[in-house]
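What follows is a set of notes on a single structure, which appears directly below.
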Amino acid sequence: MTINIGFMGTGNFSKKHADILSNRRDVNIAAFYGTSQEKAERMAKPYEAAGYGDLTEMLDTEKLDAAYICVPPMSHGSIEQELIDRGIPFFVEKPLSNEADMPADFARQIEEKSLITSVGYHFRYKQNTQTMKNFLELQEIGMITGRWMSGIPQTAWWADQDKSGGQFNEQTIHLVDLLRFTAGEVKQVYAVFANTVLEKREDHVSIADVGTVTLTLENGIIANLSNTCVLPPHVHDIGITFYTDDGILSWQPDRVEHDSGTVTEEYNDRDDPYEKENETFIEALKTGDPSEIQSDYSDALKTQQITAAALQSAKTGQVVEITNQEDETKA
C-alpha cells in the first residue's frame, strides 16, 4: 500500500517532513501547494512532485490519501476546511493557529468525520520525554518551572503579533504541551507580557519579547512558564523542571537529569523525534488505528486554548479560567 501525500507550505518544516517521508517505500510525495506556483514547483522538484499555487486545483487533480499542513500560524483556516470537507486525513504543525476559536470549530468537524489527524508536538516522541514520564509516575509533583529563552527568528511574520500570536504561542507552546502531557490539565492561567528590548531597536517588532505565565493545574500543581526572545543568535536555554518529593527532575530537549539529593542520574537522548512522529502517522493511515499518535487535533486544541488564554490574561490583567472544550467538540 502506497500513501499519496500532499504538502501545504514550502518552508523548512515541509522540507523536514518531506525528506523523512521520501526515504519510505510506502509513501509517494505527490504534490506541494504554496503561495505561488513558482514556490511550489521549486519545492516539489527534488521529490519529482507537482507544484500548485491553487489549493482547490491541487486537491481536485491529485488523489491524496493524506496531507501535511506546514504553514505559519496566520495561514491556517481555509486549508484545514478544504481537507475536512473532502475527508482527507492530515498532519499539521503546531501551533494550530494564532487563536483558539477556529481550531475549536475544526475539532468538532474532525470528530464528526472521524478523521485521523496528528499534530507536530514532536517532543512527545522523544525517549527522554518518556523517561521523564516514567520518573514522574513514581513521584509527587509540587511545582513546575519552564523556560524558553532564545533569540528572535529572522522571519518577518514571526515578529508580528497579529500573525504569529507571539513567542508563547509560537515556541513556548511546546512547554505548555509537555506540561499537559506529563503533569495534567490546566484550569487557570495568569500572564504578564512586555516589550523590553526589541521594540526599541526594530520598528517591525510588535510581539512581547519577555513573558511569564503562572498556570494552576486541575490537580493543584502550580507551574510557571517564562520566555524571552531578546538573546543573541545561537544562545538559548530551553527546558522544564519538576520539583517533587523525590528531588529535582530537569528536562531539556537532549537529556533528562534526576537529582535525588544523594544521587544524580543523567539520561542523554540524541534521537530524531520527527522520524518517529512521521512513522506513527503513516502507520495510523495504513492500519486505520490512530492510538499510537501522541497528539491528535482534539488533544492539541487543549494546548492551543492555554496559549490563547495566556494572551487574553496578559491583555486584561485578569486570571483566565480554562473551559473544557473536549466535551464541546464531542457534543
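The values are calculated or read from the model by the stated rules, or taken from the named source; none is laboratory data. Since the model is a prediction, treat every value here as computed from it, not as a measurement. Ideal geometry is used to build each Cβ from the backbone, glycine not excepted, and the neighbour counts take in all protein chains shown.
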Considering only residues that are in a helix (DSSP H, G or I) and at pLDDT below 95, which ones fall in the range 309-331? Gln325, Glu326, Asp327, Glu328, Thr329
Mind listing whichever residues of the range 45-74 are closer than 23 Å to Gly120 by Cβ and out of contact with any helix residue (DSSP H, G or I) (no Cβ under 9 Å at 6 or more places or on another chain)? Glu62
Please give the helices (runs of 4 or more DSSP H) falling wholly within the range 1-78 in which 1 or more residues are closer than 25 Å to Met102 by Cα, touching a Phe, Trp or Tyr at 6+ places or on another chain (Cβ under 8 Å) and assigned by TED's automatic domain parsing to the domain that holds Thr287. 12-21, 55-61
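Which of the residues belonging to the range 118-175 are aromatic (Phe, Trp, Tyr) and more than 21 Å from Lys276 (Cβ to Cβ)?
Trp148, Trp157, Trp158, Phe168
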Ser250 vs (1) more than 22 Å from the chain's Cα centre (by Cα); (2) part of a strand (DSSP E or B); (3) not aromatic (Phe, Trp, Tyr): all pass except (1)
If you take the residues of the range 178-207 that are closer than 23 Å to Lys94 by Cβ and of a type in the set (Gly, Ala, Ser), which of them is farthest from the chain's Cα centre (by Cα)? Ser206
Leu175 vs. criteria over 20 Å from His234 (Cα atoms), hydrophobic (A, V, I, L, M, F, W, C) and not assigned by TED's automatic domain parsing to the domain that holds Met74: no
Out of (1) of a type outside the set (A, V, I, L, M, F, W, C); (2) out of contact with any Lys or Arg (no Cβ under 6 Å at 6 or more places or on another chain); (3) in contact (Cβ under 8 Å) with a residue 24 or more places away in the chain, the one Arg270 does not meet is (3)
Please find, within the range 203-244, the residue that is surrounded by the most Cβ atoms within 10 Å (Cβ to Cβ) out of those that are acidic (Asp, Glu) and within 23 Å of Gln154 (Cα to Cα). Asp209
Please give the number of the condition Thr117 fails out of (1) within 14 Å of Ile5 (Cα to Cα); (2) more than 20 Å from the chain's Cα centre (by Cα); (3) among the polar types (S, T, N, Q). (2)
Residues of the range 285-308 being assigned to a helix (DSSP H, G or I), of a type outside the set (Lys, Arg) and within 16 Å of the chain's Cα centre (by Cα), which ones? Tyr297, Ser298, Asp299, Ala300, Leu301, Thr303, Gln304, Gln305, Ile306, Thr307, Ala308
Filtering the range 254-266 down to residues that are surrounded by 15 or more Cβ atoms within 10 Å (Cβ to Cβ) and in contact (Cβ under 8 Å) with a residue 40 or more places away in the chain, which residue is farthest from Arg24 (Cα to Cα)? His258
Is it fair to say Ser291 is within 20 Å of Arg180 (Cα to Cα), of a type in the set (Gly, Ala, Ser) and exposed (fewer than 15 other Cβ atoms within 10 Å of the Cβ)? yes
Can you confirm whether the range 207-215 contains a residue that is more than 19 Å from Ile173 (Cβ to Cβ) and at pLDDT 95 or above? no
Mind checking which residues of the range 1-27 are surrounded by 19 or more Cβ atoms within 10 Å (Cβ to Cβ) and either polar (S, T, N, Q) or free of Cβ contacts under 8 Å to residues at least 60 places away in the same chain (or both)? Thr10, Ser14, Ala18
